[in-house]
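Read the structure below first, then the notes.
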Amino acid sequence: LFFFSEQPPWWSTDAHRALDPRGETFHGPSPTPKRINCTHQFPFTGQFSGASFNSQAFFCRDPQKQHRRHSFVSNLCASHDFVGIQETHSTPGRERAFDGIPGVKSFWSHGDRRSKGVALFVKHAFLDQFSEQIWVPPEELEPGRIGCLRLNGEKGCLDIWVIYFSATEHNERS
């Protein structure tokens, strides 16, 4: 889970090239999403608390395991303003069937039933600090791998990123 108030300095605006934090170049479309029109051109100055959890199948087939994972995330949400979840194995249908967490809004970038998927759970009380809230369409990033919530308000701008890369797919790690 990454938190950026502005575009990360290691991302190129070149549509065909980007630098990772180690300075290595990879090719493909730039992952930089559209900018929101920030009325307040400064980083968020308020307090916040975030957590990240690799659920290893938030929507797993075993109902007891799934319940334990959902309860764990619910507990994380109780003590944090936002929680990024990786490896949800979510689909639009599973998202609709999910009861949600009271007082929390969820944002999804789906993978498939067996892999990928990220989600971001954000407390309504935290979102209330921002007049503008944009979940960047997953198609503009990497569906099921990267999600970005762009927030803008009187206390400044905040981007919350949730990222999942496979540990077994070499091309995603290099």
Set P8, P33: member being closer than 16 Å to L149 by Cβ, at pLDDT below 90 and in contact with a Cys (Cβ under 9 Å, 6 or more places away or on another chain): P33
Subset of the stretch 124-136 [out of contact with any strand residue (DSSP E or B) (no Cβ under 9 Å at 6 or more places or on another chain) and either closer than 18 Å to R68 by Cα or buried (at least 16 other Cβ atoms within 10 Å of the Cβ) (or both)]: none
Residue selected from the stretch 137-160 under the condition touching a Pro at 6+ places or on another chain (Cβ under 6 Å) and closer than 17 Å to I85 by Cβ, by the criterion least open to solvent (accessible area, probe 1.4 Å): C148
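Here's the yes/no breakdown for (1) surrounded by fewer than 16 Cβ atoms within 10 Å (Cβ to Cβ); (2) in contact (Cβ under 8 Å) with a residue 24 or more places away in the chain; (3) under 19 Å from the mean Cα position of the chain (by Cα):
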residue	(1), (2), (3)
F42	yes, yes, no
A51	no, yes, yes
N54	yes, yes, yes
A57	no, yes, yes
R61	yes, no, no
R68	yes, no, no
V73	no, yes, yes
H80	no, yes, yes
G84	no, yes, yes
Residue list for the stretch 120-137, filter: within 16 Å of F48 (Cα to Cα) and in a loop (DSSP other than H, G, I, E, B): D128, Q129, F130
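One line per residue, one yes/no per condition, for (1) within 15 Å of F59 (Cα to Cα); (2) assigned to a loop (DSSP other than H, G, I, E, B):
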position: P102; (1), (2): no, yes
position: K105; (1), (2): no, no
position: G111; (1), (2): yes, yes
position: E139; (1), (2): no, no
position: E142; (1), (2): no, yes
position: R150; (1), (2): no, no
Odd one out for T168, checked against (1) open to solvent by less than 20 Å² (accessible area, probe 1.4 Å); (2) assigned to a loop (DSSP other than H, G, I, E, B); (3) not aromatic (F, W, Y): (1)
Any hit, the stretch 104-123, residues being among the charged types (D, E, K, R), open to solvent by 20 Å² or more (accessible area, probe 1.4 Å), farther than 21 Å from E169 by Cβ and more than 15 Å from the chain's Cα centre (by Cα): no
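The values are calculated or read from the model by the stated rules, or taken from the named source; none is laboratory data. What you are looking at is a predicted structure, and each value in this text was computed from that prediction instead of being measured. Cβ: placed from backbone, ideal geometry, glycine included. Neighbour counts: every protein chain shown. For the accessible areas, the whole protein counts, side chains as well, though only heavy atoms, and no ligand, DNA or RNA atoms are used. Shrake-Rupley method; radii C 1.70, N 1.55, O 1.52, S 1.80 Å.
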